[in-house]
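Asks: Sharing a structure with you now.
The values are calculated or read from the model by the stated rules, or taken from the named source; none is laboratory data. Predicted, not measured: the structure shown is a model, and the values here were computed from it. Counting neighbours? That spans all protein chains shown, and the Cβs are built from the backbone with ideal geometry, glycine included. Ligands, DNA and RNA are excluded from the accessible area calculation, which covers all protein heavy atoms including side chains. Shrake-Rupley method; radii C 1.70, N 1.55, O 1.52, S 1.80 Å.
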There are 2 protein chains.
Amino acid sequence: MAELGEHIVKRYEHELGELHSRLIQMGGMVETQLATAVRAVLERDGEAANAAIGRDQAVDALERDLEQLVVRLFALRQPVAVDLRSIVAGLKISSALERIGDYAANIAKRSPLLVLRRPPSSLAGLASMARLVQENLRLVVDALDLYDSERAMRVWYADEAVDDLFTMIFRELMTYMMEEPRNITPCTHLLFVAKNLERIGDHTTNIAEMVHYAATGEVLLDARPKGTTSVYGNPSAG
Amino acid sequence: MAELGEHIVKRYEHELGELHSRLIQMGGMVETQLATAVRAVLERDGEAANAAIGRDQAVDALERDLEQLVVRLFALRQPVAVDLRSIVAGLKISSALERIGDYAANIAKRSPLLVLRRPPSSLAGLASMARLVQENLRLVVDALDLYDSERAMRVWYADEAVDDLFTMIFRELMTYMMEEPRNITPCTHLLFVAKNLERIGDHTTNIAEMVHYAATGEVLLDARPKGTTSVYGNPSAG
């Protein structure tokens, strides 16, 4: 009887470990997808674009697997306390990662539209923004791996700089468009690329909140600091 | 003993009912928020804008309440089968509704930026798009209320028209910008408003998928039909 109990506990721990390792796998997959999408845009690399777009289905499939695993864990294991928190957090994190993958694919889809009449210098700001967003994504996947609430909070605060960069790029692109009407279409697509990066940053902070919740049980209620400068009145409007 | 069992079953049913009615309440709240945000933009109504923005906190609070309720249901009631499905679906639907509320607030935030130098006619397309998105949101909340999978599927298919309208508005706004550089800034904000409406449409179809899942147990794997015309190569890129 004791052996049977031990067996059940082991299976449960195995499934929890499985959930965790799938989440980390999904995080790594989305990191690669984003890096590839950014390369597609910055280096006008059509193969990279196709690779980033193609990756989306695998990410979606992984999210569905994770969801089924979570449903099974709930149904069979009746998790409580810290396990319950990390399972609920896991479900929301997999959703956020799926969204990030979706935005990465969308960035890649725009890359062919930027090849012609590309404005000369605005890609520098975009490259900085992409670097920062990728760095935060990497950090939050590490934080998730270790359930490291402190590291998660660092990501949460770092997103402010992403918002500031978006505002800078927005202004720069507006100027390009006004100077030269032929720039309007490619600049609009670049603007959407920047907006997608900003949204990825938002989802990254959502993951940071979930890691904090799983690790500590606390829900972050305060509004996150936003960028200080803005063309909108509110820098992340939109 | 039988009475105690009955009591527990009743409490459980009460909590499930509570989850359902809170979701419907949240749906109604987000519908109102979106209607107010659309009015802010189309009628340059500053009070409506503030009301739509202010509503966001109540929506967020409701999402957190729902999450806590779900965690309690999982921990204490060990739901299975159809109950488990509707609880998991409920968690994801509340996330989607929160995102829709967020997009509605973002639409409202842009409305002051559209007052000056507003392009003359492009608001007609935007008004049609807003009407369709609101109609679909209303339908999906009804479908959720009745767990009506057929109604949910209707919403799922109706989003194609939203994508087509977005493409039309995108082209129209590009033309305005090229004709008149002073239109560039307000048109860019209108473009983001249209994009936000398109994203609300996407989240509405996600809710439709969840209603279908809760009602039937089936996960929709096929890609949803997208708009047929596009300036992107892919109409919903971005």
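Asks: How many percent of all Cα-Cα pairs in segment B:13-92 sit more than 22 Å apart?
Replies: Value for segment B:13-92: 37 percent of Cα pairs lie more than 22 Å apart.
Asks: Find every distance from the label point of residue A:216 to the corresponding label point in the other copies (7 Å from Cα along Cα→Cβ) and write them in nm, one decimal, shortest first.
Replies: Spelled out, the distances from residue A:216's label point are 4.4 nm.
Asks: Given an 8 Å cut-off on Cα distances and at least 6 residues of separation, report the relative contact order of segment B:102-199 as a percent.
Replies: Reported as a whole number, the value is 46 percent.
Asks: Which distances, in nm and shortest first, link the residue A:68 label point to the same label point in every other copy, taking 7 Å along Cα→Cβ?
Replies: So the label point of residue A:68 gives 3.5 nm to the other copies.
Asks: Given a 1.4 angstrom probe, what's the average accessible area per residue across segment B:1-96, in square angstrom?
Replies: Normalised by residue count, the accessible surface of segment B:1-96 is 49 Å².
Asks: A further question follows. Report the gain in length on full extension from residue A:78 to residue A:127: 0.36 nm times residue separation, minus Cα-Cα distance, nm rounded to one decimal.
Replies: Value of the extension gain: 13.0 nm.
Asks: What residue among A:174, A:210, A:26 has the largest mean-square fluctuation in a Gaussian network model of chain A, using Cα springs under 10 Å?
Replies: The residue with the greatest mean-square fluctuation here is A:174.
Asks: While we're here: Counting pairs of Cα atoms in the protein assembly as shown, how many percent are more than 35 Å apart?
Replies: Summing the P(r) of the protein assembly as shown above 35 Å gives 30 percent of all pairs.
Asks: What does the charge dipole of chain A about its Cα centre add up to, to the nearest 20 debye, if the Cβ of each Lys and Arg holds +1 and the Cβ of each Asp and Glu holds -1?
Replies: Dipole of chain A, to the nearest 20 debye: 700 debye.
Asks: If contacts are Cα pairs under 8 angstrom and at least 6 residues apart, what is the relative contact order of chain B in percent?
Replies: 24
Asks: Quick one: Debye curve from the alpha-carbon atoms of chain B only, equal weights, vacuum; give me log10 I(q)/I(0) at q = 0.10, 0.16, 0.18 Å⁻¹ to two decimals.
Replies: Summing over Cα pairs of chain B leads to -0.51, -1.08, -1.27.
Asks: Another question about this same structure. Shortest first and in nm to one decimal, what separations exist between residue B:8 and its copies in the other chains, measuring from label points 7 Å along the Cα-to-beta-carbon line?
Replies: Result for residue B:8, in nm, nearest copy first: 1.5.
Asks: Quick one: if you stick a label point 7 Å off each Cα along the C-beta vector at residue B:29 and residue B:218, how many nm between them?
Replies: Calculated label separation equals 3.3 nm.
Asks: Another question about this same structure. Quick one: Karplus J couplings for segment B:40-52, per residue in order, coefficients 6.51, -1.76, 1.60, θ = phi - 60°, nearest Hz, x for Gly and Pro?
Replies: These are the phi-based 3J(HN,Hα) values: 4, 6, 6, 10, 6, 9, x, 5, 4, 4, 4, 5, 5 Hz.
Asks: I've got another one for you. I'd like the Karplus ³J(HN,Hα) series for segment A:133-142: coefficients 6.51, -1.76, 1.60, θ = phi - 60°, whole numbers in Hz, and an x wherever there's a Gly or Pro.
Replies: Coupling constants for segment A:133-142: 5, 5, 4, 5, 5, 4, 4, 6, 5, 4 Hz.
Asks: Here's another thing I want to ask about it. Within 10 Å, count the other beta carbons around each residue, average over each peptide in B:9-20, B:189-200, and list them highest first.
Replies: Per-residue mean Cβ counts within 10 Å order the peptides as B:189-200, B:9-20.
Asks: Please report how far the C-alpha centroid of segment B:175-192 lies from that of segment A:1-55, rounded to the nearest whole angstrom.
Replies: Value for the Cα centre distance between the two parts: 41 Å.
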